[in-house]
């Protein structure tokens, strides 16, 4: 179970990182929910649209120093989100339903992204 959940989260990051919005949509349940400091989204389509809207603000991004905790169908990823000169520590909590993601709660201080500097 932990391997399947970890692989689903890995596919999520790979799709996000490569701009594969169609692939990203396929990883989410139809009733997917997202909660985060820069906006919420209800439904897979609304979440992908939010990413499309926000992606130009970030430019090229990387997820560095990723650490992961897995507990059944729940996963927490801790990482540094690098976008331009900004390096922002983030925590992202995933809830899975089978092999798809049903909810993500993202936690971080958005100040460095808005100001373009380090956290």
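What follows draws every value from the coordinates through simple rules; no lab data is involved. Here the structure is a predicted model, which means the values were calculated and not measured. For neighbour counting, all protein chains shown are included, and Cβ atoms are generated from backbone atoms with ideal geometry for every residue, glycine included.
I'd like the orientation of helix 2-18 relative to the chain: the angle between its Cα long axis and the longest Cα principal axis, in ° from 0 to 90, rounded to 10.
Approximately 40 degrees, to the nearest 10.
Assuming R0 = 25 Å, what is the FRET efficiency of residue 55 and residue 3, from their Cβ-Cβ distance, to the nearest 0.05?
0.25
Which whole-number percent is the relative contact order of segment 2-107 (Cα, under 8 Å, 6+ apart)?
Relative contact order of segment 2-107: 27 percent.
Any chance you could get the radius of gyration and Dmax over the Cα atoms of the chain, in Å?
Both quantities, over Cα of the chain: 13.5, 40 Å.
For the chain, what is the calculated [θ] at 222 nm in deg cm²/dmol (nearest 500), taking -39500 (n - 2.57) for each run of four or more DSSP H residues and dividing by its residue count?
The per-residue figure over the chain is -11000 deg cm²/dmol.
Where is the GNM fluctuation largest for the chain (alpha-carbon springs, 10 angstrom cutoff): 36, 84, 72?
Ranking 36, 84, 72 by mean-square fluctuation puts 72 first.
Measuring from a point 7 Å past the Cα of residue 99 along Cα-to-C-beta, which residues in segment 27-50 have an amide N at less than 20 Å?
Within reach of a label on residue 99, which here means backbone N under 20 Å from a point 7 Å along Cα→Cβ, segment 27-50 contributes 27-32, 44.
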